[in-house]
Amino acid sequence: MQKFKRALWDADIPGYKSGEEIPTIEYFPAENKLARGCIIAFTGGAYQCRAPQEGIDYAEYFSKRGIDTFNVDYRVKPTRFPYPLLDARRAVRYVRANAEKFGIDPEKIAVIGSSAGGHLAALLSTYKGELEGEGADAIDELDYMPNAQVLCYPVLDIEGHKLSFTNLVGEGGDDRSVTPYYLADENTPRAFIWHAQTDACVDVAGTFKYAKRLNELNVPIELHIYPTGNHGVGLAIKERLSDPYLQNWSEHLLSWLRLNGWYN
C-alpha cells in the first residue's frame with residue numbers, strides 16, 4: 001500500500017465543531033517489511049499543539065526499519081477530554097479494522113507517545129470507561145485497547161506537568177480520573193518507558209511511579225532512565241535537539257519489539 005492521510009471518521013466526527021481541526025491518521029508503509037506488528041504514534045505538545053519530531057519523525061524512522069507506522073493528529077485545545085482519547089481509540093480501531101489490508105497482526109498494535117502524547121498513550125492503555133461519541137459505526141465495535149505502550153518522557157500525573165492536564169480537562173477538572181497510575185490494572189498492556197533524569201520540563205518522578213505500579217500489577221515493563229538529556233528531543237537526531245547518548249533509546253526499543261514478537 002502507498003502512504004496516505006485520511007480522516008479518522010468517514011461521516012460525522014463525534015464532538016466536532018465547525019472550524020476545528022479534523023482528526024486524521026497518516027499511514028507510513030514499511031520499507032522492506034520486517035514486522036507483522038505496527039506502531040501508532042501520538043505526538044506531544046501539552047494538549048495544545050503537536051510536535052512533529054515526535055510523530056512524523058517517528059513514523060518515518062520506524063517505517064524505514066521495516067515496521068508499518070501510523071501518525072495520528074488527535075484533537076488538542078480548545079477541544080478537551082474525552083475527544084483526544086476518543087481519537088486515540090478510533091485510531092487503534094481503524095488499524096485493527098483494516099489489519100488484513102495492511103498485512104499486519106491485529107493483536108500486535110503498539111502505541112507510542114511522547115510527553116503529553118505519552119500521557120495519551122498511557123491513558124488509552126488504562127482508561128476503560130465508555131466515552132461520549134462512541135458507537136458511530138461498525139469500527140467502534142472493535143477493541144480499542146493496544147497490545148503494547150511505548151512512553152517517551154511521558155506526562156503521567158499533574159505534578160509532572162500541570163498545563164497538560166489543564167488543557168485536557170480544564171481548570172479545576174478531575175485530573176485523577178485521567179491519571180494512568182490510578183487506572184492501571186493487571187490487564188494493562190506491556191510497556192517500554194524511557195525518560196531523562198535531568199528533564200527540566202516533565203518530572204521523571206511520575207515515570208518511576210507509573211512503572212512501579214505496573215510492576216506491582218505484574219505487567220511486563222522495560223524502563224530506561226538516562227542520566228542526562230532534555231525534554232522533547234524525539235529521536236534526538238535533529239540539530240537543535242541532538243543528543244548522541246539519548247539516540248540509543250530507539251535501538252533499545254527495536255530490541256524490545258523483537259523480544260515481544262513485533263519485529264524480526
Which one, Lys108, Lys77, Lys238, has the greatest fluctuation when you compute a Gaussian network model over the chain with C-alpha springs under 10 angstrom? Lys238
Put in order of increasing Cβ neighbours within 10 Å, starting from the fewest, Arg96, Arg240 give Arg240, Arg96
Between Lys162, Lys128, Lys17, find the one with the highest GNM mean-square fluctuation for the chain; connect C-alpha pairs within less than 10 Å. Lys17
As a check on your grasp of the helix formula, calculate [θ] at 222 nm for the chain: sum -39500 (n - 2.57) over DSSP H runs of n ≥ 4, divide by the residue count, round to the nearest 500. -8000 deg cm²/dmol
What's the local net charge at Pro146, with K and R +1, D and E -1, over the other residues with C-beta under 11 Å away? +3
Vicinal HN-Hα couplings computed from phi for segment 249-264 (Karplus, 6.51 cos²θ - 1.76 cosθ + 1.60; Hz; Gly/Pro x): 4, 5, 5, 4, 5, 4, 5, 5, 5, 4, 4, 9, x, 7, 8, 7
Counting sequence-distant residues (5 or more places) and residues on other chains, those with an amide H built under 5 Å from that of Ser114 are Phe42, Gly44, Cys152
To the nearest 0.05, the calculated FRET efficiency linking Glu31 and Lys238 through their beta-carbon distance, R0 being 22 Å, is 0.60
Hey, got a sec? Which GluC sites (Glu not before Pro) in segment 26-73 land in a DSSP loop and have at most 14 other Cβ atoms within 10 Å? Glu31
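Report, to two decimal places, the Cα Rg of segment 1-94 normalised by 2.2 N^0.38 Å (N = number of residues). Could you put the intermediate results ahead of the total?
Details: Rg = 13.5 Å, N = 94, 2.2 N^0.38 = 12.4 Å.
Normalised by 2.2 N^0.38 Å, the Cα Rg of segment 1-94 equals 1.09.
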Consider just the alpha-carbon atoms of segment 125-221 and return their Rg together with their Dmax, both in angstrom. 14.6, 45
Relative contact order [Cα under 8 Å, 6+ residues apart], segment 2-84, whole percent: 34
Extended-chain gain in nm, criterion 0.36 nm per residue less alpha-carbon gap, Ala97 and Lys64: 9.5 nm
If one builds a Gaussian network model of the chain from Cα atoms under 10 Å apart, the most fluctuating residue listed among His252, His119, His161 is His252
If each of Glu216 and Ser177 carries a label point 7 Å out from its Cα toward its Cβ, how far apart are those two points in nm? 2.3
Within segment 150-217, report the GluC sites (Glu not before Pro) that DSSP leaves as loop and that have at most 16 other Cβ atoms within 10 Å. Glu159, Glu171, Glu186
Below 13 angstrom from the Cβ of Gly103, what's the summed charge of the other residues (Lys, Arg +1; Asp, Glu -1)? +1
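With Cβ to Cβ distances under 13 Å as the rule, what net charge do the other residues near Lys238 carry (K, R +1; D, E -1)?
-4
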Within segment 17-259, pairs of Lys residues whose Cα atoms are less than 16 angstrom apart, provided they are eight or more positions apart or on distinct chains, add up to 5
Starting from the Cα of Gln48, step 7 Å toward the Cβ, then list every residue of segment 137-172 with an amide N under 15 Å from that point. 161-172
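Bear in mind these aren't lab numbers, they're just calculated from the coordinates by the rules spelled out. Keep in mind that what you see is a predicted model, and the values were worked out from it rather than measured. Note: ideal-geometry Cβ built from the backbone for every residue, glycine included; neighbour counts use all protein chains shown.
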